[in-house]
Amino acid sequence: MNSAQQKMYKKVHDQPIFRGLTEEKFAELMAECKITYYRKSAKVNYFITPHEGLLLILTGTAEIFIVGDDGQSFALEEVQEGEVIGFSNIAYYLGESNRPLDHHRLVLEVVEDSYCLQIPYAVLKERIDDTDVRDAILKLMSIRLANVYASLGEQVKLSDEWGESEPYVRRVEDFMNSSVITASEDASVQQIARIMVDNSISSLMVVDQEEQLIGIITKKDLVQRVVAQVANGELKAKDIMTKKLHTISRHDYYYEVLSAFYKNGVKHLPVIEGNRLVGIVTLSNLIFKRDRGSMGVLKTIEEASFENLPAVKNAIYDVLSSLINDDISTIHTLEIVTKLYDRLARHCVKLAVQSLERQGKGTPPVPFAWYEMGSGARGEQFMLTDQDHFLVYTDPHEDDRKHVAFYFSLLGDAIVKHLEKAGYSRCVGKMMSSEVQWRGSVSDWQQRLRNWALKATNDDILLGYNFLSFRFLMGDASLHNHFVRMVQIQLKSSQTFLYHMAQQEQNNPIPQVNQSFLALFKGRGTREIIDIKKNALFPMHHCLQILGVQKNIITRTPLQLVDDLVQLGELSAGFADDIRHAYEIALRTRIQLAWKKHLRDESITTEIQFASMRRWQQDEITTMLTTVHALQSHLLAKL
């Protein structure tokens, strides 16, 4: 057995169904199972008879479709590595019912190359008497049921069209342009330009001799790399094309594509299967397909002046309303609106710089970088909240120090005014670039961090927590890199400060869900109240921040931090999944609460009445708080 096979068999042995078996017994059962390799896009008719058993995805990803007697099909769910298919037959195996899919069949469509293990009924029958195996299967079935319900929710939305618009959960293959104009890598610039003019297109895909996609040429490429450089006519497609491509799959959802446009700042996305070009989607095409005027929000942002900045907020809220009504996942919703808020914030800074220039105050005398903090920096900004940001600029010459400081004091004030005009209220705690303690040179910031670490008062710790969520949004990239290195070095020498931060977490424990909530809150003059921010999100952020700093990781969103900590071995993969699940529950609960209050024109709060929630919601909150408590305990154990 080679190393690849050994690795595969170990992966199987670690699965709950086979865990704890002797090597001899494991080999005996594996002899009855079958490992099969499926190529991308393969369609597999599975469960023709119930005795085929279960199917375990060892590597790769696949989608399950239910096909009826009439030939119609719809996507039921996506399954990934480590997941099992075939639980619909469990009741049949146990002799409790007939097969639920006798009038339908399951079709597995492979999204990426996959290895799967078929576990026949005979093996399952032998192992199902083991209590641990039954418990593991029950847990897997519960998770699968939740996923199926979520998928069915999306399918319901598909059938509930809103006017002439396309739902956000349509697949790329439903709206992409399959007729793609291409050119060879050796085509001349003149040929490229003529093709684009004749076909009235703004982009062209470049393919090699095997028709494999290798690049893209846009009008911008022609202008920047040909016209602007007064190049000769000997240039070819391969000389001016963009080789680093952002691509999508025909199986991606509308809202995932929309997010890709915003995230990567592009206007054309080739659709590929493997390396084969099968279509193209443009941003304008996507917006036209959606046909909800609010999707012009990008143009609204880029063309906004100081006077009409308030209109941008309404445009973004229209997009937000569409995402909520289409029941898009919380993480994807925040991913999309965060990109819009980022554009808005950058535009406000850009307008602020321009306003000073018009007033005769000049341009930035040295390079600067502008950062967001708080929910905006963490990618959690749902609705426009208060401002949290700071300014950093390059250390000036001693003779220019006063002049540089004066200019950036003006810029800080201008940024705050523009953001306020756009709908961001001023920060009550004055954590804004307009305040001298939230702007300065790199050296100023270095001394500031030292002071926080030396004093380590509760206020300093609060400032440290808010600062550690920072995210670079606009300015000089070299300065940003220099600033990040300085912060990493400073934090490395401030371990005592981190200890005090962790101690503060210990002094603010998570509500224990195994106690009576009535007892927890007795005597406080309130009913059973949980503050999603204070009892869940903030502790989660703080723990991840401290763990990240210990590993020299900063400027990351919570989910990015979780991924990084798993890679570094700080968190186990299973615990990380629990954290991600808890994070989404907390965000979803917060967003649903805030949006309902917004629609009723009520003050936004993050407090929920636990007793008034449905039982399944209470169970979710309980699970979420348990995970946050476990994360807090993990941190305290480390320190």
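Computed from the coordinates by the stated procedures, all read-outs in this text should not be read as laboratory data. A quick note: this is a predicted structure, and the numbers were derived from the prediction, not measured. Reconstructed Cβ throughout: ideal geometry from the backbone, glycine too, with neighbour counts over all protein chains shown.
Values computed for the structure shown
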quantity	calculated
Gyration tensor (alpha-carbon) shape descriptor, segment 309-493, a/c threshold 1.5	oblate
Positive-pole candidate from 384, 404, 331, dipole of segment 309-493, charges at beta carbon	404
Student exercise, segment 354-468 dipole from Lys, Arg, Asp, Glu Cβ charges, in Debye to nearest 20	160
Cβ-defined net charge surrounding residue 491, 12 Å radius [Lys, Arg +1; Asp, Glu -1]	+4
Summed residue charge, Cβ within 12 Å of residue 115's Cβ, Lys/Arg positive, Asp/Glu negative	+1
Residue-span extension gain [residue 436 to residue 44] - 0.36 nm each, minus C-alpha spacing	134.7 nm
Entries in 339/492; 11/139; 244/350; 361/421 that, when Cα-Cα distance is taken, lie over 23 Å	339/492; 244/350
Neighbourhood net charge (13 Å Cβ-Cβ; Lys/Arg +1, Asp/Glu -1) for residue 364	0
Residues of type lysines that residue 10 reaches as a straight line, Cα spacing below 16 Å, ignoring anything fewer than 8 places off in the same chain	25, 34
Segment 494-639, dipole about Cα centre (Lys/Arg Cβ +1, Asp/Glu Cβ -1), debye to the nearest 20	400
Relative contact order (%) - criterion: Cα under 8 Å, at least six apart; region: segment 494-639	38
